[in-house]
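Here the structure is laid out as structure tokens; the discussion comes afterwards.
The values are calculated or read from the model by the stated rules, or taken from the named source; none is laboratory data. These numbers were taken from a predicted model, which means no experiment stands behind them. Cβ atoms come from the backbone with ideal geometry, glycine included; neighbour counts cover every protein chain shown. Ligands, DNA and RNA are stripped out before the accessible areas are found, and what is left, the full protein with its side chains, is counted by its heavy atoms. Shrake-Rupley method; radii C 1.70, N 1.55, O 1.52, S 1.80 Å.
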Amino acid sequence: MSTRILTRLRSVPRIPGLCRSFRVAAPAQNTGGVKQLGVIGAGQMGLGIAFVAALMSKVPVVLYDPSEASISKSLGFLEKLLQKDVAKGKYTQAVADQVVKLIEPTMKFDSIFASDFIIEAVPEIVSLKCEIFGKLAAGAKRDTILSTNTSSISITKIAAAAKGAEDRVVSTHFMNPVPVQKGVEIISGLQTSRETVGRAIEFVKSMGKLPSVSTDNPGFIANRILIPYINEAIICLETGVGQKEDIDNIMKNGCAMPMGPLALADFIGLDTCLAIMNVLYTQTGDTKYRPAVLLQKMVDAGWLGVKSKKGFYDY
């Protein structure tokens, strides 16, 4: 890891709450009134959102994570990503340097409270998300949009935890990997105001994304279709309909999918796939959404896909 990244990491616990050092560049376009973005979670999704916001929307980003190791890993990955993109001629070194300046890591939760738009990108655990939104409602500015990147949990339930700020809670469900995928689902709960939805749409557009609006139903649009497709492929494997390579190859070569369903499951994370299937199954009561037995077994074994180096394939 470079000296520049290490220097910034060492300073993480001492970042001031208002992040006054952020005045690097003014937004180049309509961002829905967002002058500073807060991102909760420095994992793959959180870092991707922070990166694209800094690159495309040109707004300062406060990237919060309680784990120094997670922040270190993310900043190291960011540096490699920027170097790779500069080498390919996607943008100049000056642009890459600007992105680094705009992303400020912190281990202090209250450092994100000054943001105009806050996106939570933590694991799909209902209690964790509700706890976070309760804190955001109490500490963030009174006009801050509070967004979740949840892929399946009810926005209405999350909004109910944000006492006094329920109408400002929305979902901006980014697709993985964030720098590559253009689509973003905008999902409103029963309490979400039209103004909140409108500001969310404007902001994701400023990031170069193409928003699709969904109602608050289990799985929303993307995962209501995608994850059962993956689950069915896993059932085909566990019942001997086909071998993993044959299942993936026919979907790629016969159905024009860019990636086979089993390889895609590994990329998403088998634990995430299982969590979404369980939400679909429990919230709809429909047996067609029953998770594949093999999927549960692999998660129990810790074979989660790319992130654990073993899933349907070895990495």
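Scaled against the 2.2 N^0.38 Å expected of a compact globular protein of N residues, the Cα radius of gyration of the chain reads 1.01.
Evaluating kT/(6 pi eta Rh) at 20 °C and 1.002 mPa s, with the Kirkwood radius of region 81-172 over Cα pairs in the Stokes-Einstein relation, gives 145 µm² s⁻¹. Take 48-56, 157-165 and order them by the average number of nearby Cβ atoms within 10 Å per residue, most first; the result is 48-56, 157-165. Among the listed pairs K58/K252; K108/K205; K163/K309; K73/K163; K84/K205, a Cα-Cα separation exceeding 31 Å is found for K58/K252; K163/K309; K73/K163.
Ignoring ligands, DNA and RNA, what accessible area per residue does region 35-136 give at 1.4 Å, in Å²? Heavy-atom SASA per residue in region 35-136 reads 39 Å².
Put simply, region 95-226 fits an ellipsoid with semi-axes of 21, 20, 14 Å; these come from the alpha carbon gyration tensor as the roots of five times its eigenvalues, largest first. One equal scatterer on each Cα of region 231-307, no solvent, Debye formula: the resulting log10 I(q)/I(0) at q = 0.25 Å⁻¹ is -1.20. Note on D110: accessible area is roughly 80 Å² with a 1.4 Å probe, heavy atoms of protein only.
Just so you know, the Cα atoms of region 169-315 work out to an Rg and Dmax of 16.6, 51 Å. Split the accessible area of the chain by element, probe 1.4 Å, and carbon with sulfur accounts for 57%. For region 194-200, 3J(HN,Hα) computed residue by residue from phi via the Karplus equation (6.51, -1.76, 1.60; θ = phi - 60°) reads 5, 4, 4, 4, x, 5, 5 Hz, glycine and proline entered as x.
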